Structures are given as structure tokens and as C-alpha cells.
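Single-structure report; data block below.
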Amino acid sequence: MTHNAVVVGGNRTPFAKAGGPFAQASNHDLLTAALDGLVARFGLAGERIGEVAAGAVLKHPKDFNLTREAVLSSALSPATPACDLQQACGTGLETTIYIANKIRLGQIESGIAGGVDSTSDAPITVSDPLRRTLLKANSARSAMDRIKPFASVRPSHLKPQAPSVTEPRTGLSMGEHQALTTERWGISREEQDELAAASHHHLAAAWDDGFFDDLVTPYLRVAGDAILRADTSVEKLAKLRPAFGGEHGTMTAGNSTALSDGAATALLASEEWAAAHHMPVLAKVVDAEVAAVDHPGGDDLLLGPVAAAGRMLERQGLTLDDFDLIEIHEAFASTVLTTLKAWDDEDYCRGLGLDGKLGTIDRARLNVTGSSLAVGHPFAATGARIVPTLAKLLHQRGAGSKGLISMCAAGGQGVVAILEAV
Amino acid sequence: MGALEKAFYSPVGKAVSAKAGLKEPPRLRRGRTWPDGPIVLASIGGGDLASRTMRLLGRATEEPVVDEGESAPGYGSRIGALVVDATAATRIDQLEELRALLRPAVRAIERSGRIVVLARPAAGDWEAQAVARALDGINRTVGKELRGGATATLLEVAPDAGPGDLVSTLGFVLQGRSAFVDGQRWHVDAANQAQDPLAERPLDGRTIVVTGAARGIGAAIARTLARDGARIVAIDIPPAGEALAAVANEVGGTALQLDITAADAGLRIASHVAQRGERIHGIVHNAGITRDKMLVNTDAQRWASVLEVNLAAQMRINEVLLDPATAGGIEDGGRVIGIASTSGLAGNKGQTNYAASKAGVAGLVAAMAPDLAARAITVNAVAPGFIETEMTGRIPFVQREVFRRSNSLSQGGRPEDVAETIGYLLDPSSQGVTGQVIRVCGQNLVGA
């Protein structure tokens, strides 16, 4: 038996710059806060939800059961099961797909998808030599044997290892990878700054309209997205120095996402469950796809979503024109711009095994309430930020409105999904 | 807490202040609790409404001790309450009967005991109307003379009201829920209510909207009404969302982040309720702000914001929710509750704008009540005096200590005291109570 999996609504914390107002909050704290806001919005205190799936990209080993522990700290029934999933920056969308699929199969009737990241709460680990020394000392039988291994410790071994977002197979950071892509596709600085400015302006307008009143719950006295610069402009952004791609690079701190702290959740359910519980129904999850490129072999690291979107649209018999709204995660302004160029590139799309190019889109339909450049990008949370936001926007446009989500992720992967207003 | 405040509350400070005549305030009986000692029942002129209502409440009563002789007789032990049915009292010489009942009772009343007098609204000949007003003077004075947290209440009951109309009121007054209501008088009309006993959870399954619910009195209202069975829709401005969510989750309700001054606030409340397949039994307009300044320093902006939030916004919301065509609006037989303030009733230096808005609320409920009577919707207000909240906690210590002691109970009230009074007004069996302003002020020395 199959069911429609629908987005009921969502809740997230405001997002803030790493080391900012949420510096003392852990992933556990942030995810619990996002869950509690969702529970309050929909009156779920003490309710048993089918399953909660969430994750974090930067996670302490002690947080091996992060989501379940957050559920136990939340107002949900402790009988609500949970699991951790991780799909790099696509985590919040991957958890949505996981929950939606279970609902469609009738395995659960309701579920919460989420994601959280705190670059302030990043796990700091010890070096490999120090770890070996500690293990040896730990397994020693006598006090003398316990002390002996420490003789081999060198000062360099004591340096803590902060996690980095470099690609293990190329040694390049994500920004460095994207700088190569930006140059290869000929994306100009002006285009990137225009996209970044538009993101801030769209987000600011949405906040002013009260659009986020039922999508965000304040946290630690922060009531709105703290990275947002409503008064930024192309002129201001043009003054920033390049951050990636050398001194002639076009990618700056202004047109790249900032390291961020925050958590997001989306409530999904079968249509039957939503009706029985008098819950709003915003949009159904129509389809999803994950794809990967061979970035160690030279492919553009963050263009995984192109093949994913192409295959999904072909399967659904849809074109880009069928979408009222399109959300492309703004890892970097140039990621969005290269994705748009690649969609409209016949050779590139055929090279991915698609029937042809996907075409162009009307930019007025893109990221209409801003995206990661202005909101921030707590890695795993972003997908679960986009899903309820898009679902609400589609619902406002009326039943049948379709939306496309495209998210790039580390490892050359891309996660995409289609929502349709009910 | 400042150094002076710490010293005042230290054991030494307490001993010194006790010597100086500042007694430790009495601990009040609260919640759905009855007096410990017996409830004494008396009637002047043969009225039997009180005895019929006591039977409905299921509480045993005892005969009164009457002061008729030379030496004042006593009860021998503490009594819990004295309920006097004075509904047939219309002559000055009948006031002597009341004195003879009160004298032994006031002496014997336990801590947090209750003196309750039932009377008729002023009517009849000149003497009868003078006597009706005399009872009010007696009630107010007894309230001031009672000690140990005991309170006095005068209930004016319409001639054709029955025990079913009075049961929720008399239950509220006798129970600990009315802990901080003292020296007050209000009306109970005939509403032809079924003769049901006092309900333990009168709001079971009913949807109640509470604005300003994130903290203080609003949060206490949400908690108390949820205890009485209500499904709470907790509303506060979006920046207060974190605390609001915590309250909503605690009471198993829903949170709606909403600025009540928004033009579409009423519709958004209604659609939130309609989405859940419900209608509103009651709305508690608790959200309010202060922008205190002496009148000479009050500009148009300070004036406008207070009147907008405290008065105009709830009128707009009421208009939408009272429209029978609004899905998720207020049901027939519903309840509208405003929050007035003793500052509004008595005036308060530095609060012209606030006093205007809060006295305005008192005027509003009096105006709305008769117009909504046909739909059995009651409209009432509570007027808190000094209540211990985060807000009043910011008043400088000495000033605060003076404020909190300037009432017959020598202490500040708790948020739950306001909440309990609201819960009583929301009770479906309080149908006969409408257009009233009940002060929850411990009989504050100011504010009539």
C-alpha cells in the first residue's frame, strides 16, 4: 500500500555565524531546540512520532546517537524512535527523503526530518601518534608500563586536530574546488555578487513580511537569522577581497557561505495521518534522486545535482518549465550559477548520459526567500530548512504548484527532490 | 538581589523587621482546596439560596454561634468559613443580625478562612437600597480587619438565580483559588444553569486562547487552565517564541507566534484554531505592555503603543472571532476575558497611558456583556493588583516592599491567583457572571 508523504510544516532555530551567539550550544542543544519549537507549533507534546531522522556533519564521537538523545531531551514522547543519517551538506534533504519513503511505504505514518551543525561545537581530536600512545598506556598492566609509552610523545603530537572540510581524495577544500569550477565555467565576480545581494534582499523581505513567523522559533534570545545583512549591496560586496582562487579569484567571503550554527526540522506525514490529526498539508514529496561525479578524476566537485536533477526530471517526464519555484542551495554563489549553466549545456548534460540539456529558468523563480548565502549554512540543517520553506511557498501559490530542490554535497554528490503543493 | 534586599530577607533582618512591626505575611491557602475547619451557614430573613448551593457543592455545614447575650460567645475552635445568606435582608435592624453572626466568626476564623455574604442587588424601597450598600461597607471593612490570610467577599445574586448559577462562584470563593481576592463584590445573574456539582476539570476538551503566554501571568494562566482541562493556544510575539514554545509544550498545547497588533491577527488566530478542527471556548486577552512616564513626558508614541497593544488590538481580534461566520471563532456560550488593572481603576502616577488602556478594558467588558448575552457569551475582566512577576521584580526593592504590603493580605499575589480567577470566569457553569471586573489585589489599599 502506498501513501502520499506530505510536508506538514517545519521549524528551525535562527542560523548564526560560527563562534557567534550559539557558540556555547552543542549540536544536541540546537537540535533539541528545533524539535521543541516544532512540537509546540503543532501541539505534539507527549506524542509518539513514527520516526525522527536527523544528523550532523561535524559530530562528536559521544554524539553517536545524537538524534535519539535529542528526542529524549525534547517534549516528544520518549517512545519516539530516531536514527542518525549523514549525507554531508545534503543531510537535511536526505533525511526528508528517508522519512518520506517510509511514509509512502506505509512503514510509518508520521516522521520528522532534520539536521543540525555547530561549527562552534566541532569535535577536536588528538593526533594519530598521541592516540596510539594513549591506547598503549591504557592497555598496560603495571604502572611503569603505563608511563613508558609517553616517552615517545613529541610536542607536535599534542596539537589538537580540528576537523576540516577538505576532500580526502584531492586535499582541496570545497572553496578551492569550487574556484576551479568557477574559472572553468567562466562565472564572473559581478554575477556572483549580484546573486549574493539578491539572497540577502529576498531573505530580509521575507522576514519583514513575517514569512518566518511559523517556520522559525528564536533560540538563546536570537530572534532572526544573524548572518543576514539587509543593507548589503553589489557595490559593498564588490569591495571584498578574494577568499578562494588566488589573488585574481572571484569568490569572496560575501559570495560564499559562512561557517554557521543552527538546526532545522520538517514534519512529514501521510495525508491520512495529517487529516486525522487536523494538521495542515503544504506539499507532497513527489520524487528524489542522488547522484555523484568523479571529482578525483577531475569532475566539478559540486555539480553532482546536475545529473541527479536530469535523471529525476526524465523519470517524471518533467522539464524545468514545469516548476513554479526552484531552490538551489547556495554553497557558493558560483555553485548556483554553474549549476544553471550546466543545466543549459547540451554537451555537459549528454556527457552525463541525459537525453539533452535541461534548459534555462526564470530567475524570478529562484530562491525567492533567500538561501544559504544570506541565511547561513549549518551543513546538515540546510536541507531541512529548504523543505518546509519551499512547501509553504508552493502552498501559498496553490495546489499543483511544483518546486525543485537542488543541493550539492561533499564527495562530488548531489541530492535533489520535487515537492508539489497539495 | 541588592545588598539591602539580602539583608532584609536574612534571618537577622527578618528578626529586626518583626520587632519593628513588619510581620511575616501569612501563607495563603491556594488551589482547589477547601477550608480545613467547618463551614458555618447562616441566613438572615430566611433566604435558602446559600444552603441549597452548599448542598450542591457537597460540603457539610454547621450552625452558627450568634452573639446575643452580654458576653460574646465563641466557637471553641477554629471555623473554616462563614457563609451568610442575606438575600432577604432589606431592613436596617437586619444588619444587627449580621453583626451578631460576624462577631464570633471573625474571632474564630482560621488562616485563609472565608467570610462570604450573599445579598441581592440594590432594589426596592429607599431603606432596602441603603441596606444593600451598607452590606458593601461591611464587607470591605471585614476584609481589612481579618488576619492570617482570611478574606471577605460579597456576592450580589439576582433574585431568580438558582444554586446551579451560583455553584461555580461559591466554590471558587470558598476554595484556595480565590486566595488573593479580598474585600470584593460582584454580581451573579440568573442563567438557568443545570444543578450540577462543582467540576474538577471544567474546561475539559475546550480550546482557550491566551495572549502574552510566554511568561509571567500569561504562562501561569496557560498552566492553570490546562490543569482544568483546557486545550491551550499560547500566543506571544515572535521574538518571545522560545519561552512560548516551552510553555506550550509544558501544557500540551500549541504555540502561535503572532503580534496581536497585526492587522490580520484575529484571522490568524481563527485559522490556527479552525485548522485543528476546533472553535474557541474562551480567549484571555492577557498581552499587555507598559511605557511608563509622567504625563508631562508622555509623547504621542508612548501613548499610542500602550493603547494599541492593551486595548485596540483586542477589540479588533474580538470583532473577527465574534463573527459567527468566522471558522475557528468564539462559540456561542463562549467566554471573553480582559485584563484590567488596579492602576486603571484607581489611577497610578506615571501610567496615564496604561491606566487609560486598563480602565478602557473595564469599560469594554461592561459594554460588550449585554450585547453578547443573547449568544450566551460572557465578557469579564480581572484587575490584578501587585503580582510577583519578573516585571514587578524589577521595581526597586524598597518601593516593591511597600507595594506588596499595601493590601489587606500584606503580600504580593502570585500569577496563579490571577489565573485561578480567570479559570473561574471561563468555567461553563459561570454563565451568570458577565460584565464584571474582579480585582485580584488582596484588597489593595488604593483602587476602591
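So here's what we get for this one:
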{"read-out": "Residue in segment A:185-200 that is of a type in the set (A, V, I, L, M, F, W, C) and within 14 Å of chain B (Cβ to nearest Cβ) present", "value": "no"}
{"read-out": "Candidates B:219, B:226, B:240, B:265 - the one that is modelled with pLDDT of 95 or more and at the interface with chain A (Cβ under 8 Å from one of its Cβ atoms)", "value": "B:240"}
{"read-out": "Positions within segment B:227-270 being touching a His at 6+ places or on another chain (Cβ under 8 Å) and among the hydroxyl-bearing types (Ser, Thr, Tyr), in sequence order", "value": "B:254"}
{"read-out": "Breaking point among (1) more than 24 Å from residue A:214 (Cβ to Cβ); (2) touching a strand residue (DSSP E or B) at 6+ places or on another chain (Cβ under 7 Å), for residue A:386", "value": "(1)"}
{"read-out": "Test result for residue B:95, over 23 Å from residue B:75 (Cβ atoms) and buried (at least 16 other Cβ atoms within 10 Å of the Cβ)", "value": "no"}
{"read-out": "Tally of residues being of a type outside the set (Val, Ile, Thr), surrounded by 22 or more Cβ atoms within 10 Å (Cβ to Cβ) and not in a strand (DSSP E or B) across segment A:240-257", "value": "2"}
{"read-out": "Single residue of segment A:239-266 satisfying the filter (in contact with a helix residue (DSSP H, G or I) (Cβ under 6 Å, 6 or more places away or on another chain) and of a type in the set (A, V, I, L, M)) that is modelled with the lowest pLDDT", "value": "A:259"}
{"read-out": "Among residues of segment B:215-240, those that are over 22 Å from residue B:204 (Cβ atoms) and touching a helix residue (DSSP H, G or I) at 6+ places or on another chain (Cβ under 7 Å), counted", "value": "5"}
{"read-out": "Residue match in segment A:374-397 (condition: part of a loop (DSSP other than H, G, I, E, B), closer than 27 Å to residue A:177 by Cα and not charged (D, E, K, R))", "value": "yes"}
{"read-out": "Matching residues, segment A:51-85, being within 22 Å of residue B:255 (Cβ to Cβ) and touching a Pro at 6+ places or on another chain (Cβ under 8 Å)", "value": "A:52, A:71, A:72"}
{"read-out": "Qualifying positions in segment B:304-327 - more than 18 Å from residue B:236 (Cα to Cα) and in contact with a Gly (Cβ under 9 Å, 6 or more places away or on another chain)", "value": "B:319, B:320, B:322, B:323, B:326"}
{"read-out": "Matching residues, segment B:251-262, being in a loop (DSSP other than H, G, I, E, B) and either more than 9 Å from every other protein chain (Cβ to nearest Cβ) or of a type outside the set (Val, Ile, Thr) (or both)", "value": "B:252, B:253, B:258, B:259, B:260, B:261, B:262"}
{"read-out": "Restricting segment A:13-37 to residues that are more than 9 Å from chain B (Cβ to nearest Cβ) and among the aliphatic types (A, V, I, L, M), the residue that is nearest to residue A:374 (Cα to Cα)", "value": "A:16"}
{"read-out": "Residue A:96, sole failed condition from (1) loosely packed, with under 15 Cβ neighbours inside 10 Å; (2) closer than 26 Å to residue A:42 by Cα", "value": "(1)"}
{"read-out": "Verdict on residue A:282 being within 14 Å of chain B (Cβ to nearest Cβ) and in contact with a helix residue (DSSP H, G or I) (Cβ under 6 Å, 6 or more places away or on another chain)", "value": "yes"}
{"read-out": "Residues within segment A:352-373 that are assigned to a loop (DSSP other than H, G, I, E, B) and either in contact (Cβ under 8 Å) with a residue 60 or more places away in the chain or not β-branched (Val, Ile, Thr) (or both), tallied", "value": "14"}
{"read-out": "Segment A:38-67 - residue that is surrounded by 21 or more Cβ atoms within 10 Å (Cβ to Cβ), of a type in the set (Gly, Ala, Ser) and part of a loop (DSSP other than H, G, I, E, B) and, of those, nearest to the other protein chains (Cβ to nearest Cβ)", "value": "A:43"}
{"read-out": "Looking only at segment A:1-37, and only at residues there that are touching a helix residue (DSSP H, G or I) at 6+ places or on another chain (Cβ under 7 Å) and assigned to a strand (DSSP E or B), the one that is surrounded by the fewest Cβ atoms within 10 Å (Cβ to Cβ)", "value": "A:9"}
{"read-out": "Residues within segment B:279-289 that are surrounded by 18 or more Cβ atoms within 10 Å (Cβ to Cβ) and either in a loop (DSSP other than H, G, I, E, B) or outside the structural domain of residue B:233 (by TED's automatic domain parsing) (or both), tallied", "value": "4"}
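Residue-by-condition table, conditions (1) surrounded by fewer than 24 Cβ atoms within 10 Å (Cβ to Cβ); (2) closer than 24 Å to residue B:313 by Cβ; (3) polar (S, T, N, Q); (4) in the same structural domain as residue B:391 (by TED's automatic domain parsing):
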site: B:180; (1), (2), (3), (4): no, no, no, no
site: B:193; (1), (2), (3), (4): yes, no, yes, no
site: B:199; (1), (2), (3), (4): yes, no, no, no
site: B:219; (1), (2), (3), (4): no, yes, no, yes
site: B:222; (1), (2), (3), (4): no, yes, no, yes
site: B:229; (1), (2), (3), (4): yes, no, no, yes
site: B:247; (1), (2), (3), (4): no, yes, no, yes
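The values are calculated or read from the model by the stated rules, or taken from the named source; none is laboratory data. The model shown is predicted, which means the values in this text are computed figures rather than measured ones. When we count neighbours, we look across all protein chains shown, and the Cβ atoms used for this are built from the backbone with ideal geometry, even at glycine.
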